[in-house]
Amino acid sequence: MKRISLIKTNCKKCGKELYTTNRSLYGLDALKAEAGSVCEACTSAEEAARINAAIGESLAGVRE
């Protein structure tokens, strides 16, 4: 099993320094790569809804 670690990066929209994980905590690495590193202030409501729905589906076992 791969370890999850924190990495320091910058928001791709505003440049704010932030920390993220090297991979998804929920097994959604493709979504994590697509969404990129974006701070909460720069995440649109639509992006947040899509990410939260994917996490919910993953936790419920709907998504692989």
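The values are calculated or read from the model by the stated rules, or taken from the named source; none is laboratory data. Just so we're clear, the structure is a prediction, and the values are computed from it rather than from any experiment. Cβ placement follows ideal geometry from the backbone for every residue including glycine, while neighbour counts extend to all protein chains displayed.
Listed values, structure above:
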read-out	value
Any pair with Cβ under 7 angstrom, 6 or more apart, that starts in segment 14-27 at a residue that is in contact (Cβ under 8 Å) with a residue 24 or more places away in the chain and ends at one that is part of a loop (DSSP other than H, G, I, E, B)	C14/C39; K16/C39
Hits in segment 1-53 (condition: part of a loop (DSSP other than H, G, I, E, B), out of contact with any Ser or Thr (no Cβ under 7 Å at 6 or more places or on another chain), surrounded by 11 or more Cβ atoms within 10 Å (Cβ to Cβ) and charged (D, E, K, R))	K13, K16, R23
Meets criteria (without any contact (Cβ under 8 Å) to a residue 24 or more places away in the chain and either over 10 Å from the mean Cα position of the chain (by Cα) or exposed (fewer than 12 other Cβ atoms within 10 Å of the Cβ) (or both)) for G56	yes
Residue list for segment 6-27, restricted to those being among the small types (G, A, S) and modelled with pLDDT of 95 or more	G15
